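K.L.:
Pasting in a structure now, in structure tokens, and then I'll have a few things to ask.
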Amino acid sequence: MASDHLTAVADNVVALQAKKAASKPRRLNFAFAGDIKPQTNGLYLVKGLIPSGLLAVFGHSNSGKTAVAGDMALHIAAGFEYRGRRTRQALVVWAALEAPDSMANRVVAWSSHHNIELGELRWAMLSGSLDLRHANSVKELAEVLGDIEAQAGEPVVLLVIDTLARAMPGANENASEDMGAVISNLGRLLAEFS
């Protein structure tokens, strides 16, 4: 009778360990070929130009990166074609870490030019400070994005961080250690919000 009790306890311990292991998030997963399903929805934000996922816009200082990225992001937020290409209308969050007043003025001017009410844009703007190298800062960003999603009633599909230099203060954009931390943290953020 005692051995039956010990066997039952051991079985419970094994079951609890298996449950704990199954609930622990993994950074790597696998799928067999027979389980793979094609992913055809949401592959682009601007057809043939901007895919879903992590990407960067880069160029020389004052070369118009914010103007081009802002125009494209606003077209996505409005669901308007961009340069003759379909967009997938989506909730856009613009992290205006450099010159937020300037970006706010651009949004107002863009909506006036395109005859769309500001309230019709699926757009939110963040301001403040951020350091994408540090998990705590990225966690705070994730919480704010979650709040935006809850209030908007839809997922954030595009997050624009303007500028990278402001999102990693004091770091070297050309150093693999600094950029590696930023890309790793953005990858985790992307996985959380995909």
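K.L.:
Contact list please: Cβ distance under 6 Å, first residue in the range 156-175 and under 16 Å from residue 45 (Cα atoms), second residue in a loop (DSSP other than H, G, I, E, B) and modelled with pLDDT of 85 or more, pairs at least six apart or on different chains.
P.N.:
157/90; 158/90
K.L.:
Of all residues in the range 91-124, how many are under 16 Å from residue 69 (Cβ atoms), out of contact with any Asp or Glu (no Cβ under 8 Å at 6 or more places or on another chain) and in a loop (DSSP other than H, G, I, E, B)?
P.N.:
2
K.L.:
Can you list residue pairs whose Cβ atoms sit under 8 Å apart, with the first residue in the range 114-143 being closer than 14 Å to residue 159 by Cβ and the second being of a type in the set (Phe, Trp, Tyr) and open to solvent by less than 90 Å² (accessible area, probe 1.4 Å)? Count only pairs 6 or more apart in sequence or on different chains.
P.N.:
Pairs that qualify, where the first residue is closer than 14 Å to residue 159 by Cβ and the partner is of a type in the set (Phe, Trp, Tyr) and open to solvent by less than 90 Å² (accessible area, probe 1.4 Å), are 123/94; 124/94; 125/94; 126/94; 142/193.
K.L.:
Which condition number does residue 111 fail, the rest of (1) small (Gly, Ala, Ser); (2) closer than 25 Å to residue 194 by Cβ; (3) open to solvent by less than 30 Å² (accessible area, probe 1.4 Å); (4) out of contact with any Lys or Arg (no Cβ under 6 Å at 6 or more places or on another chain) being met?
P.N.:
Failed condition: (2).
K.L.:
Given the conditions (1) within 20 Å of residue 194 (Cα to Cα); (2) surrounded by 13 or more Cβ atoms within 10 Å (Cβ to Cβ); (3) more than 15 Å from the chain's Cα centre (by Cα), which single one is not true for residue 166?
P.N.:
Of the numbered conditions (1) within 20 Å of residue 194 (Cα to Cα); (2) surrounded by 13 or more Cβ atoms within 10 Å (Cβ to Cβ); (3) more than 15 Å from the chain's Cα centre (by Cα), the odd one out for residue 166 is (1).
K.L.:
Return the residues of the range 49-105 that are hydroxyl-bearing (Ser, Thr, Tyr) and either open to solvent by less than 30 Å² (accessible area, probe 1.4 Å) or without any contact (Cβ under 8 Å) to a residue 60 or more places away in the chain (or both); say none if nothing qualifies.
P.N.:
Once the filter is applied, which keeps residues that are hydroxyl-bearing (Ser, Thr, Tyr) and either open to solvent by less than 30 Å² (accessible area, probe 1.4 Å) or without any contact (Cβ under 8 Å) to a residue 60 or more places away in the chain (or both), the range 49-105 yields 61, 63, 82, 87, 102.
The values are calculated or read from the model by the stated rules, or taken from the named source; none is laboratory data. Just so we're clear, the structure is a prediction, and the values are computed from it rather than from any experiment. Please note: Cβ atoms are built from the backbone with ideal geometry, for glycine as well, and neighbour counts cover all protein chains shown. Accessible surface is based on the protein model in full, side chains and every heavy atom, while ligands, DNA and RNA are left aside. Shrake-Rupley method; radii C 1.70, N 1.55, O 1.52, S 1.80 Å.
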